[in-house]
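The values are calculated or read from the model by the stated rules, or taken from the named source; none is laboratory data. Please read these numbers as outputs of a predicted model, since none were measured by experiment. No Cβ is skipped: glycine too gets one built from the backbone with ideal geometry, and neighbour counts run over all protein chains shown. Calculation scope for accessible area: heavy atoms of the full protein, side chains included, ligands and nucleic acids excluded. Shrake-Rupley method; radii C 1.70, N 1.55, O 1.52, S 1.80 Å.
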Amino acid sequence: MRDKISSSPVLSVVSKILFAPIIIFGLYVQFHGDYGPGGGFQAGVIVAAAFILYSMIFGLSKGETLVPIMINRYLMCVGVLLYAGVGIVSILLDGMYLDYNVLSSDPSTGQHIGIILVELGVGITVATVMIALYHSFASFGEVNE
Amino acid sequence: MNFLLINFFLISLLLITTFFIFKTTSLISVVALTGAFTLLCSAIYVNLDAVDVAFTEAAVGSGISTILMVMAAAKLPEGKKNKLINLFPSIILAVSISLILIIIIANLPLLGDPNAPIHLHVVPEYLKESKDFFHIPNVVTNILASYRGFDTLGETIVIFTAGLGVIALLTSNTLNRKTNFKKNNKKNER
Amino acid sequence: MVGGLFIIITSQNYLKKVVGLAIFQTAVFVFFVSLAKVLDGTAPILTKMENAYSNPLPHVLILTAIVVGVATSALGLALVLQIYRNYETIEEKEIQSLELKSDK
């Protein structure tokens, strides 16, 4: 089960073709969130969906070589710390916690930078948590026995 | 008028789906029906002008959540057709709660009333500032990351913690009580 | 919403209980978003034209709540899987009888 590679060539070819466009769409949603519907939460889920598709089609161990579990767990922490770190930086720049006005000389630009960084943190956290959820559900009952 | 008709249609579909989720015993069918349920919900959100929410519901609710539930259902045994438990008290509870909710909803402002209290406070400022000061067209992103930054930080931490919890629950060996439990059972049988 | 509550209480299967919880949650979300609707308004993405926008604040709250809801229901599913590994059943009555047997 764990190393079973999908026998259908249709599935593997289609998923190979779709993998890059899904990630690009995720990045578009991530950075276009200011102007249209979208943002960190949705983008994270879309990027995670690409990786989940990959490990569903090509087997779990291939998916693990693509995104090693430990790196995934570190990235989970990096996302949250990026969000919290933006707050700390704005304290160091004589602002209040999560006050983006001080991040740049122009408050409006500062807000833009802050929002993009924060959304990036949210996106990284959501994507890695979803991949981690999938991996732990899929490998349940096979690691221990 | 059109809006109300579409809404009514979608909500009646939701009710039908809920009824069938309640009736089905096969776990895979329940999971598939839940996916349909969340997709219908995202249609309702589009109808209510909440595009961001609809996007999230379509991606998260009917995408990832259905995948996770399928993964779980594949590892679980087929659902058995068991007798419903607590049937009588739960009917009383359901009827009384729906009566209370209907009374409350009758007192709410009409759907889509622009002068309802929720539209008069704080939000006009958000809309105005977002246009004149931030130059960010999508107000939802703006409120999410800037005005309600603390909220979103908290939510992110909740997601992170839930992920940690699932990893801890599913990949640890210490929680496996099976051997112990079986021994106890055998002792009792003797 | 009441349907979700009904499923939680009456089904014996734990997976169905988790699904019932999700339905309950979604009903609350729909209610919240319906409060934000303004008649003849558009989605809260600002354009050059002056028109009415629906209220973005409930949208923000629900958007985060949906993702959190999925994360928490995944936690619930993980608990169900652990219960299955330890008891080899996920029906409430059977687990009760097993527990009673092991207590004697």
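Taking amide H positions as placed in the peptide plane 1.01 Å from N, state which residues far from B:Asp113 in sequence (5 or more) or on other chains have amide H under 5 Å from it.
C:Leu39
Determine the total buried accessible area between chain C and chain B, counting protein heavy atoms only with a 1.4 Å probe; round to the nearest 100 Å².
7400
Determine the residues within the stretch C:71-88 where the difference in accessible area between the chain on its own and the full set of protein chains amounts to at least 40 Å²; count protein heavy atoms only and use a 1.4 Å probe.
C:Ala71, C:Ala74, C:Leu75, C:Leu77, C:Ala78, C:Leu81, C:Gln82, C:Tyr84, C:Arg85, C:Asn86, C:Glu88
Positive end of the dipole of the stretch B:1-130, charges at C-beta (+1 Lys, Arg; -1 Asp, Glu), about the Cα centre: which of B:Val70, B:Ile102, B:His119 has its Cα farthest in that direction?
Checked the options; the winner is B:Val70.
What order do B:Glu125, C:Glu91 take when sorted by accessible area (1.4 Å probe), most exposed first?
Values: B:Glu125 120, C:Glu91 10 Å².
Descending accessible area places them as B:Glu125, C:Glu91.
Interface size between chain A and chain B, please: total buried accessible area, 1.4 Å probe, rounded to the nearest 100 Å².
4000
What is the stretch B:1-80 by shape, rounded, prolate or oblate, if you read a ≥ b ≥ c off the alpha carbon gyration tensor as root eigenvalues and call it rounded for a/c under 1.5, prolate for a/b larger than b/c, and oblate otherwise?
Because a/c hits 1.5 or more and a/b fails to exceed b/c, the stretch B:1-80 counts as oblate.
Provide the per residue accessible area, probe 1.4 Å, for the stretch B:1-76, rounded to a whole number of square angstrom.
41
Taking only protein heavy atoms and a 1.4 Å probe, what accessible area per residue, in Å², does chain A have with all protein chains in place? Intermediate values should be presented prior to the final figure.
Working: 6700 Å² over 145 residues.
I get 46 Å² per residue for this part.
In nanometres, what is the gap between the two model label sites at C:Glu94 and B:Asp113, each 7 Å from Cα along Cα-to-Cβ?
Each label point is offset 7 Å from its Cα along the Cβ direction, giving 5.3 nm.
Please go through the residue pairs B:Lys75/C:Lys37; A:Lys62/B:Lys75; A:Lys62/B:Lys23; A:Lys62/C:Lys17; B:Lys23/C:Lys93 and name each one whose alpha carbons sit more than 30 Å apart in this structure.
B:Lys75/C:Lys37; A:Lys62/B:Lys23; A:Lys62/C:Lys17
Non-local amide H neighbours of C:Tyr53 (under 5 Å, H modeled in plane, Pro and chain starts lacking H): which ones?
Here C:Thr42 satisfy the definition.
Out of the total accessible area of the stretch B:1-93 (probe 1.4 Å, heavy atoms of protein only), what percent is carbon and sulfur? Write down the numbers at each step before the final one.
On the way: 3480 of 4510 Å².
Here it works out to 77 percent.
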